[in-house]
Amino acid sequence: MRGCFRFIAGLSLLFCVSTAFAHELQPSSLELRQLTPDRFEVIWRAPIYYKKPHPARLELPESWRTLSTPTVKQLPDSALHRRLVEVPANAIDGAVIRFIGLEATITDVFARFKWLDGSETTAIARPSQPWIEVVAQRSAWQVAWDYTLLGIDHILSGFDHLTFVLALLLIVSGARRLLVTVTSFTLAHSITLAAATLGVLWVPGAPVEATIALSILFLASELVKVNRGESSLTARYPWIVAFIFGLLHGFGFAGALADVGLPQNEVPLALLMFNVGVEIGQLLFIGVILVMALALRRLRLEWPAWVRQAPAYGIGGIAAFWLIERVAGF
């Protein structure tokens, strides 16, 4: 297991440095609200992408006629584009909306369509498929697939959550203890994700994000103790610490899900599959780390003594940066 720690030590430093601007990799969103049988309000939110305007450009079908001058409102983390369009009756269902330039990014676009009868449908555009088809009614299978992929995308681009999991991997020893710890973390954030999404509990997003950064900073300090051979609360009771902080991280997941919403007629299914997607992404991350660690362990490389503490200070440094940045953003 020592070889695994040495590998993750170097990997975690690269990982932490590369995630300094994690908040800039959030997905875009498109909302199409049907106001009358032939009129729609189009709301396109394009997040800031590496300190610059998002390179993707919304392209509506040619038969859709813009009725009002498009407006753009600049928000701290995105640009909000609005317009009113008129759509011929035979040009709604099956229409293709394109996102020119999305293929040059690593972010998705989550689209939600709100119809006059109160129903909602969703779709996702990706860099590999930078367009969506407007469908008035999507099957349960399509909803499940979309929200599973959304959950996977969210966790794999949620570098603060992955950094927390990485710190747990470095602290917890033994496959059985690691399994129990990850299960505890999963159970906890599933509880608060469901409670917050369904409106049972509510916590302001900004303090949650700041406290998530604080939880990573706490684990970094625990890792320093473990590497020194000192007593550590997390090393002794990792499942308890993972559960407590997992409750907090669940509110963070709920905030991301609130940005895109849930289809009104498939709320339980969409919520379940989003959570399944989060777990799949989390397990993929853990699996990749452990497999690569095992591969490097067989090389029997000798690392300098200071490398053992490098991941703790690397994770702690980036967590402190996130904490200061998020508190300043209140």
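Coordinate-derived values only; no laboratory data. Note that this is a predicted model, so its numbers are computed, not measured. As a convention, Cβ positions derive from the backbone with ideal geometry for all residues, glycine included, and neighbour counts pool all protein chains shown.
Here are some notes:
- Inverse mean reciprocal Cα-Cα distance (Kirkwood Rh) of the chain, Å: 21.3 Å
- For the chain, adding -39500 (n - 2.57) for each run of n ≥ 4 DSSP H residues and dividing by the number of residues yields -18000 deg cm²/dmol at 222 nm.
- Modelled this way, with points 7 Å down the Cα-to-C-beta line, the labels at Asp93 and Met292 are 4.7 nm from one another.
- Rounded tilt (10° steps) of 159-171 against the dominant C-alpha axis of the chain: 20 degrees
- Degrees between helix 205-228 axis and first principal axis of the chain (Cα, 0 to 90, nearest 10): 20 degrees
- Sites count as exposed loop sites when they are GluC sites (Glu not before Pro), lie in a DSSP loop, and have at most 10 other Cβ atoms within 10 angstrom; the longest stretch of the chain without one is 63-229.
- Expressed as a whole percent, the proportion of Cα-Cα pairs in segment 144-213 lying more than 14 Å apart is 72%.
- Cα centroid of segment 248-285 to Cα centroid of segment 120-158, whole Å: 12 Å
- Against the chain, whose longest principal axis is taken from its Cα atoms, helix 238-260 shows a tilt of about 20°.
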